[in-house]
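Heads up: the structure comes next, in structure tokens.
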Amino acid sequence: MNGPYAQPYAQPSASRRQGGIRDIFAGVGYLARGLVWVARHPAQWLFGLIPALIVLVVYVGGLVGLGVYAMDLAGWVTPFADHWSDGLRQTIRVIAALAIFGSAAFLAMVTFTAITLVVGEPFYESLAVRAENDHGGAPPEPDVSLFTQIVRGIGDGLVLGFFATLFAVLFFLLGFVPVIGQTVVPVLAACVTGYLLTGELTALALERRGLRRRDRFRLLKRHRLLAVGFGAATVVLFLIPLGAVVAMPGAVVGGTLLARERLAPPVPMPPGGPAGSARR
């Protein structure tokens with residue numbers, strides 16, 4: 001394909017297939033590029049804060065409520081400790097409370113992005129297109145109604161929530177293992193959370209290229225370290241108070257660039273030029 005927009009949609013180069021540990025740092029780099037892009041476009045950053053802020057308020061309320069009753073829930077799930085000595089009973093229930101809250105926080109971290117993307121579909125779609133236009137042009141918009149896109153987004157979110165719940169239960173149980181539960185498990189949880197987050201944050205750009213959930217995760221499977229690097233860095237930012245809101249627009253742009261440059265197959269450019277160019 002010839003023309004000014006051919007290069008962004010060329011076949012992956014050797015550097016795109018580099019793999020190895022360098023992909024972890026490359027993933028972090030894409031998040032940094034997304035944050036830099038929104039820093040240079042403050043109006044777009046403020047535009048992308050709205051849905052993230054709405055969802056955050058709901059999630060924080062739920063986590064605060066869980067934190068208040070975490071010890072009560074810990075007592076409910078550890079009835080076997082009722083007749084133990086006070087010190088041992090208190091210790092096991094503190095561990096159980098931390099595991100419950102940690103599992104809920106893991107679930108919230110994974111589903112926050114999915115729910116925010118559903119709530120803010122028009123916001124983030126526009127943001128992703130503008131970012132792609134700044135990097136050579138976005139592919140044409142798929143011939144799918146907004147309603148269908150929202151329904152698909154909800155379906156993808158439910159599937160993600162199901163797998164996130166399975167992992168949350170697994171990490172909850174592993175949290176009772178001495179030493180490992182307090183050291184290895186949090187790191188493993190961050191990597192799994194990051195991988196799932198990358199799947200959500202690259203969805204807008206990949207769906208625009210006609211790729212459904214199964215195809216998207218097949219691509220991520222080929223670039224595991226890249227996905228973990230990008231996602232784990234995003235998790236770290238999201239753990240900072242208000243980080244999930246402040247960094248969400250940049251994470252969306254970073255995921256768009258990652259999908260565009262490292263994951264997406266070639267997409268034919270429409271005769272009229274890049275999508276959305278008329279709006280620039």
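The values are calculated or read from the model by the stated rules, or taken from the named source; none is laboratory data. Note that the structure is a prediction, hence the values are computed from the model and not measured. Glycine also receives a Cβ, built like all others from the backbone with ideal geometry; neighbour counts cover every protein chain displayed. Heavy atoms of the whole protein, side chains included, go into the accessibility calculation; ligands, DNA and RNA do not. Shrake-Rupley method; radii C 1.70, N 1.55, O 1.52, S 1.80 Å.
Here is how the numbers come out for the structure above:
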{"quantity": "Within-9-Å neighbourhood charge of Leu257 [Cβ basis; K, R +1; D, E -1]", "calculated": "+1"}
{"quantity": "With Cα atoms, 0 to 90° folded angle of helix 121-133 axis to the chain main axis", "calculated": "50 degrees"}
{"quantity": "Backbone HN-Hα couplings from phi across the stretch 90-95 [Karplus 6.51/-1.76/1.60, Hz, Gly and Pro as x]", "calculated": "5, 4, 5, 7, 5, 4"}
{"quantity": "Choice from Phe162, Phe238, Phe101 with maximal GNM fluctuation in the chain (Cα, 10 Å cutoff)", "calculated": "Phe162"}
{"quantity": "Centroid-to-centroid separation of the stretch 109-147 and the stretch 203-251 [C-alpha atoms, Å]", "calculated": "13 Å"}
{"quantity": "Alpha carbon convex hull of the chain, projected area averaged over orientations, nm²", "calculated": "15.7 nm²"}
{"quantity": "Order by protection proxy (mean Cβ within 10 Å, highest first), peptides 47-53, 227-233", "calculated": "227-233, 47-53"}
{"quantity": "Cβ-derived FRET efficiency at R0 30 Å, Ser126 paired with Leu53, nearest 0.05", "calculated": "0.95"}
{"quantity": "Nitroxide proxy distance, nm - points 7 Å out along Cα→Cβ at Leu188 and Asp134", "calculated": "3.9 nm"}
{"quantity": "5 angstrom amide H check on Ala138, placed H, neighbours 5+ away", "calculated": "Asn133, Ala275"}
{"quantity": "Label-point separation in nm, Leu46 to Trp84, each point 7 Å along Cα→Cβ", "calculated": "5.4 nm"}
{"quantity": "Highest-fluctuation residue, Ile54, Ile180, Ile154 considered, GNM on the chain with Cα pairs under 10 Å", "calculated": "Ile180"}
{"quantity": "Apportionment of accessible area to carbon and sulfur, the chain, percent (1.4 Å)", "calculated": "70 percent"}
{"quantity": "Gained length - Ile92 relative to Leu174, 0.36 nm times residue gap less alpha-carbon distance", "calculated": "28.2 nm"}
{"quantity": "Global form of the stretch 180-252, assessed from the alpha-carbon gyration tensor, a/c cut-off 1.5", "calculated": "oblate"}
{"quantity": "Overall form of the stretch 95-190 per C-alpha gyration tensor (a/c, 1.5; a/b vs b/c)", "calculated": "prolate"}
